[in-house]
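Before any comments, here is the structure.
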Amino acid sequence: MTLMSSQRRRIAAGALLAAATMVVTTACGGGNGGGGSDKGKDGLAFNGGVNKVLNASDKKGGELKFIGSQEADSWDPQRGYYGFVWDFARYYTRQLVTFKAEPGAASTELVSDLATDTGKVSADGLTYTFTLKDGVTWEDGKPITSKDVKYGIERIWAQDVISGGPIYLQQVLDPKGEYKGPYKDTSADKLGLKAIETPDDKTIVFKLPVANGDFLQMLAMPAASPVRQDKDTKSKYGLKPFSSGPYKWDSYTPNKSIKLVRNDKWDAKTDTIRKALPDKISVTFTTNADDMDNRLIEGEYDLDINATGVGAAARQKVLQQHKSNIDNPQTGFIRYAVFPQTVIDNVECRKAIIYAADSKSLQTARGGPQAGGDIAANMLPPAIKGADPKADPYGKLAGKADVAKAKEALAKCGKPNGFKTTIAVRNNKPIEIATAESLQQSLKAVGIEAQIDQFDGAQTSGIIGSPKVVKEKGYGIIIMGWGADFPSGQGFLQPLVDGRFILQSGNNNFSELNDKAVNGLFDQALKETDPVKAGDLYKQINTKVSEAAVYLPFTHEKNIIWRSSRLTNVYTADAYNGRYDYASLGVVK
């Protein structure tokens, strides 16, 4: 997920109002969880929300207040790819199937949402049939139809207009790229995608040319959300999506704020997933991550929507004085550097970078074992079948640079004295900047001069997501991270290393790896219904990716994440890469 997933920033237009209410929120326990002990006097506890429900409640009302330092790539369900966007999208989108509202690993179970069940699948795994529930409606009260679901999915094909989102469904349903998307559709109803049939308004049938064991997982993504044709504003849809969920968009000022209010046409009887406890949900964006942490601690806001963890400046304070207000979950993300082959085209030059990197220094730059995570040596997270955290082809688990091997690789690539390159890093991510600086120092020791270019994090998909821009700017190293779109080798690795996922905008295969052997192994793995056998194939893919030397993994990420004492129904969910399940949260008024 993203990138998985989605993110950007803004300063509250309502900052004065927030400041005025700060005393009230703090009085009801906003930031003070009872001092620095693991357990606070209000019943909260360190890691109290990790894989279990903290402060269970069914009380409705109040305003849930998010703050973030990273704006969304897009709030358009077909376009968003940041992980936090997928979590937040549950407020205003629904899908045929979705993830269970449970803590930890139980959250990865798929359950029905708009559909009456999780589908009827043919014996050959090629046909999936769903029936919509009675009473599911849009925010204006009109019924959600099977045609709305089909049209929403068809929008994925319009990559020239709404680029950036996951394209799994496009790859699976139309591998030859024959459909041109609804905006170029010549059929009268704009529903010309042959792989999806809608015999009536309640029935939708998917016909896969080739079986795919993860197809239901793809249907649980926001990208499979319905969109109504008469409400589709194309590239502007992310400015005010039309709601099928319990909340609707009231206002949105990009890079400033969002406010959602209740959707009075949503019927809780049709939705067993979303608790819909708060009356209002607000998001404030700021460009200052340290200021964000301080405002969270002061009780002005409830949680960081990005869930990327408390920054270095506030870390000691929360660990010593507010420990019962923090959780330290595994996120399911790997943080890494990736090397675009259009800029560094010699495999030995890329190997030199990997060998020269000091993995302990990189871990420290990211916050150490607790705030940063365990050192990673390859590109598959431990929870994915086929992963082997001990597989260490470049000796990174030793926690230090291998200068001798780096110099040997430099000699092989014809640059014995090193070379110059540029590290691209988002300007609103202090932890990523610190990581880039650590890598820069390590590379200097072997003669590789790397200048750091801090680009606008709000423009990620149009800068590092554009292979043309990457080449023009000479970005030989990009600092980034990735979490599984869904818990399989396909859901984690395919967008990063399958050559058929290289996009001209909104690209996530930054290395532009397009290896026939890797692509072929994906084709085999996708058809495999035995998860263990599929895992074996993903292990082979992972080995080939290591051999290509296009990634330098840093850490299997852990974060120290803040939760205010006002929050109810707090729990981390594996389905959202260790984030809190936003759709279950409530607040004490």
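Brief remarks on what is shown
- Just one of the listed residues (Asp113, Asp124, Asp73, Asp87) is among the charged types (D, E, K, R), at pLDDT below 95 and crowded, with 19+ Cβ neighbours inside 10 Å, and it is Asp73.
- Residue in the stretch 357-377 that is of a type in the set (Lys, Arg), modelled with pLDDT under 95 and open to solvent by 50 Å² or more (accessible area, probe 1.4 Å) present: no
- Thr272 vs. criteria touching a strand residue (DSSP E or B) at 6+ places or on another chain (Cβ under 8 Å), of a type outside the set (Lys, Arg), in a loop (DSSP other than H, G, I, E, B) and open to solvent by 10 Å² or more (accessible area, probe 1.4 Å): yes
- Selection status of Tyr576, farther than 30 Å from Lys317 by Cα and of a type in the set (Phe, Trp, Tyr): no
Per-residue answers, yes or no, for (1) basic (Lys, Arg); (2) farther than 30 Å from Asp38 by Cβ; (3) in a helix (DSSP H, G or I):
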| position | (1), (2), (3) |
| --- | --- |
| Ala314 | no, no, yes |
| Leu319 | no, no, yes |
| Gln341 | no, yes, no |
| Arg350 | yes, yes, yes |
| Ile354 | no, yes, yes |
| Gln363 | no, no, yes |
| Pro382 | no, no, no |
| Ala411 | no, yes, yes |
| Lys415 | yes, yes, no |
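- Pick from the stretch 572-589, criterion touching an Asp or Glu at 6+ places or on another chain (Cβ under 8 Å) and β-branched (Val, Ile, Thr), ranking: surrounded by the most Cβ atoms within 10 Å (Cβ to Cβ): Thr572
- Unique residue being surrounded by fewer than 21 Cβ atoms within 10 Å (Cβ to Cβ), within 23 Å of the chain's Cα centre (by Cα) and modelled with pLDDT of 95 or more when the list is Tyr301, Tyr237, Tyr252, Tyr247: Tyr252
- The set of residues in the stretch 438-459 that are open to solvent by 90 Å² or more (accessible area, probe 1.4 Å) and modelled with pLDDT of 95 or more comprises Gln441, Lys444, Glu449, Gln451, Gln454.
- Residue ID - farthest from the chain's Cα centre (by Cα), chosen from residues in the stretch 510-533 that are outside any helix (DSSP H, G or I) and under 20 Å from Tyr551 (Cβ atoms): Asp515
- Looking only at the stretch 523-571, residues that are under 28 Å from Lys351 (Cα atoms), of a type in the set (A, V, I, L, M, F, W, C) and either touching a His at 6+ places or on another chain (Cβ under 8 Å) or buried (at least 23 other Cβ atoms within 10 Å of the Cβ) (or both) come to 6 in all.
The values are calculated or read from the model by the stated rules, or taken from the named source; none is laboratory data. A quick note: this is a predicted structure, and the numbers were derived from the prediction, not measured. Neighbour counts are summed over all protein chains in view; Cβ atoms, including those assigned to glycine, are modelled from backbone coordinates with ideal geometry. Accessible surface areas use protein heavy atoms only, side chains included; no ligands, DNA or RNA. Shrake-Rupley method; radii C 1.70, N 1.55, O 1.52, S 1.80 Å.
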